[in-house]
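For reference, the structure is listed below as C-alpha cells.
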Amino acid sequence: MGRFDYLYASDLSHRARSVYLYLADRANKQNQCWPSIATIAKELGLSQSTVRRALHELRQADYIQSEQRFRPNGGKSSLLYTLTGK
C-alpha cells in the first residue's frame, strides 16, 4: 500500500492533488507547513487563483485545515496548513 493511496482514490481535482502533494512534501513532523500562496503557485507553475481554488477544495474535503498567522506587529503572515489526510 502506497503512502498516498487515499489521495489517488479520492474525487479531488488534479490541481488539489498537486497542491496537497506539495504541502505534504514541505510539512514537518506535525504535518504542518506555511508556504505562501505565491510560493506554491510559483513552484508548481500554477496561477495564484488556481492554488486558492485547490486549497478551498482541500479544506472542503477535510484534507487540510488552515489557520491565519500574524506577525509581531499584528500584520497578517502566511497561513499555517495542517494536513489531516483521510
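A short reminder: the numbers here are calculations on the coordinates, not readings from a lab. Model, not experiment: these values are computed from the prediction. All Cβ positions, glycine included, derive from the backbone under ideal geometry; neighbour counts span all protein chains shown.
Please specify each residue of region 33-86 satisfying the condition of being closer than 21 Å to Arg3 by Cα, exposed (fewer than 15 other Cβ atoms within 10 Å of the Cβ) and touching a Phe, Trp or Tyr at 6+ places or on another chain (Cβ under 7 Å).
Those that are closer than 21 Å to Arg3 by Cα, exposed (fewer than 15 other Cβ atoms within 10 Å of the Cβ) and touching a Phe, Trp or Tyr at 6+ places or on another chain (Cβ under 7 Å): Thr84, Gly85, Lys86.
Scan region 26-69 residue by residue and report those that are part of a helix (DSSP H, G or I), free of Cβ contacts under 8 Å to residues at least 12 places away in the same chain and closer than 24 Å to Ser10 by Cα.
Passing the criteria: Arg26, Ala41, Gln48, Ser49, His56, Arg59, Gln60.
Pairs only if they're at least six apart or on different chains, beta carbon under 7 angstrom, first in region 70-84 and over 16 Å from Ser36 (Cα atoms), second in a strand (DSSP E or B); list them, first residue then second.
Thr84/Ile64; Thr84/Gln65
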